[in-house]
Amino acid sequence: MNSLLYALIEALRSHRWLRMLACAFIFTSVGNGLTQVVVFGLLLRWQAPASLLTLAYFFATVPGFIGSLIGEKLCQRFSPVTLLVLAELLGLLALLFPLLGIQYHSIPALLAVQSTEALLGGMIWPALTLLFKRGLKEAELPAATCLENVIFASQVLLGTGLGVVLFQQVPTLSLLVIDAASFMGSLLMLMLAGRAFTAQAIPSSVEGKPETLRWRMLTTQQKRSLLLLPALAAVGSPAMALLPALAQQIHPADAPGLALPLLFARSMGQLCGPMLLKRDSLARFTAKNRLLLLCLSIFLVAYGVVPFLAGGQTIALGMIFVAHLASNIVFAAGTFGVLSRFQAAQISAASGKTWRWQTISASLFTGIAALAAAELGAIQALYLVSAGALFLVAFTLIHFRE
């Protein structure tokens, strides 16, 4: 079998530390998803304006820029597993923010937990890619690409699914208790992964000291790999940021009842998208402009029809699923490009750089979407900002074609 899922299963069977790492992020996924449900559910319940709902996504991306810088520097001094453990500890402490938000009806406290998660996400990314690069063989990198996608899709898939079921039935404080328990489970699994981890033997001449990347010295393939995830963020971030506001505009009387299932459908698409790819086709797919732009166009069209589906929630869920099925194929191509086209000595710098550029791209276009939503409405902002971003991405990909 040649699928990415089969490649992941093979790698999990071969590496005990990878199994422990996967379990750790399953626990983390429950916590992060529940946090997201609590934050957006309370904002919708408190009838926050559309511009603020969009800015909530903005605050959930900007601190990742700083986090990637911190993670990149810490990877030069500490093991990646140690850095992952530190991030989980800080994530557990960050649950104090939603507690304050509930106690004092504070929207800034809810936005603070979003910002903290973004900061920690930026820290985790360089450590995770470095861990994969050191611990896996070149032939196993497609499995790492699949696992990265599963990890970050499951961060909202499991927790969001649980949260959608429990949010209206269980007190919010009880959800935060489950959230804290998930972080503690993740910490235990990460400690076990650290004990089991044995890095692949890499000659010092190959890995060497961490390198600073210079744009002029990179090949066209490397430049293109660094740009794929920021390109995806430019098109996808405005649409994802506007999703709660779209639900509020379509069903103002029951916005949480629509928005939370839409978030779940989004996560399902993120999880399933890369499963459509074969491991041998990843490198070829990364180089195909038409296929990448087709996926981004499908994403935008699927989001664009959601506002017209006020009477058909099931169809709307299907459209969001299809949108992220397509977008996360691009995500898989981008993550594989970074893993495969940079040496171990460059990987933390490369992953940190692409995360920062992705953060800048998401922040810029999300900010524009928030301003447009305040003036024109969520639906018009979606069409204007994401479509403009798609044209800009097409120009960029053509300029850096292989």
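When the Cα positions of A60, S106, G41 are compared along the charge dipole of segment 1-144, A60 comes out farthest toward the positive end, with charges on each C-beta of Lys, Arg, Asp and Glu.
Say the dipole of the chain comes from +1 at the beta carbon of Lys and Arg and -1 at that of Asp and Glu; which of L317, N289, W215 then lies farthest toward its positive end? Final value for the positive-end residue is W215.
Provide the per residue accessible area, probe 1.4 Å, for segment 285-402, rounded to a whole number of square angstrom.
Values: 4760 Å² over 118 residues.
I get 40 Å² per residue for segment 285-402.
Give the residue list of chymotrypsin sites (Phe, Trp or Tyr not before Pro) in segment 20-117 that are DSSP loop and have at most 15 other beta-carbon atoms within 10 angstrom.
Values: sites: F25, F27, F40, W46, Y57, F58, F59, F65, F78, Y104; in loops: W46, F78.
Sparse-neighbourhood loop chymotrypsin sites (Phe, Trp or Tyr not before Pro): W46, F78.
Using 0.36 nm per residue and subtracting the Cα-Cα separation, the extra length available between Q380 and R195 on full extension is 61.4 nm.
Work the Kirkwood hydrodynamic radius out for segment 79-196: mean of 1/r over every pair of different alpha-carbon atoms, inverted, in Å. Walk me through the intermediate numbers first.
Values: mean 1/r = 0.0634 Å⁻¹.
For segment 79-196, inverting the mean 1/r across all distinct Cα pairs yields 15.8 Å.
Quick one: pull the percent of accessible area on the chain belonging to carbon and sulfur, 1.4 Å probe, ligands and nucleic acids left out.
Details: 10980 of 16570 Å².
It is 66 percent, rounded to a whole number.
Using Cα positions and a limit of under 26 Å, work out the lysines in reach of K278, with same-chain residues fewer than 8 apart set aside. Of all the lysines, those that pass the test against K278 - Cα under 26 Å, at least 8 places apart if same chain - are K133, K137, K223, K288. For segment 1-151, the per residue solvent-accessible surface stands at 38 Å², with DNA, RNA and ligands left out and a 1.4 Å probe. Helices in the chain, meaning DSSP H runs of at least 4 residues, each add -39500 (n - 2.57). Divided by all residues, the mean residue ellipticity at 222 nm is -27500 deg cm²/dmol. M123 sits with roughly 10 Å² accessible to a 1.4 Å probe, with DNA, RNA and ligands left out of the calculation.
Rounded to the nearest 10 degrees, the inclination of helix 50-59 to the longest alpha-carbon principal axis of the chain is 20 degrees.
In the context of the full protein assembly, S340 retains an accessible surface of approximately 40 Å², using a probe radius of 1.4 Å and ignoring ligands and nucleic acids. With R₀ fixed at 22 Å, the C-beta to C-beta distance from L291 to S14 puts the FRET efficiency at about 0.10. Charge dipole of the chain (Cα centre as origin; +1 on each Lys and Arg Cβ, -1 on each Asp and Glu Cβ, all else neutral): 1100 debye, rounded to the nearest 20. Projecting the Cα atoms of A387, L8, A118 onto the dipole axis of the chain, where Lys and Arg carry +1 and Asp and Glu carry -1 at the beta carbon, places L8 farthest toward the positive end.
Mind pulling the per residue volume of the convex hull built on the Cα atoms of the chain? Å³ is fine.
Working: hull volume 49.7 nm³, N = 402.
Expressed per residue, the convex hull around the Cα atoms of the chain is 124 Å³.
Distance from the Cα centre of segment 287-327 to that of segment 73-145, in angstrom? Answer, in whole Å: 29.
The values are calculated or read from the model by the stated rules, or taken from the named source; none is laboratory data. Since the model is a prediction, treat every value here as computed from it, not as a measurement. Positions of Cβ are backbone-derived with ideal geometry, glycine not excepted, and every protein chain shown enters the neighbour counts. For accessibility, only protein heavy atoms count, side chains too; no ligands or nucleic acids. Shrake-Rupley method; radii C 1.70, N 1.55, O 1.52, S 1.80 Å.
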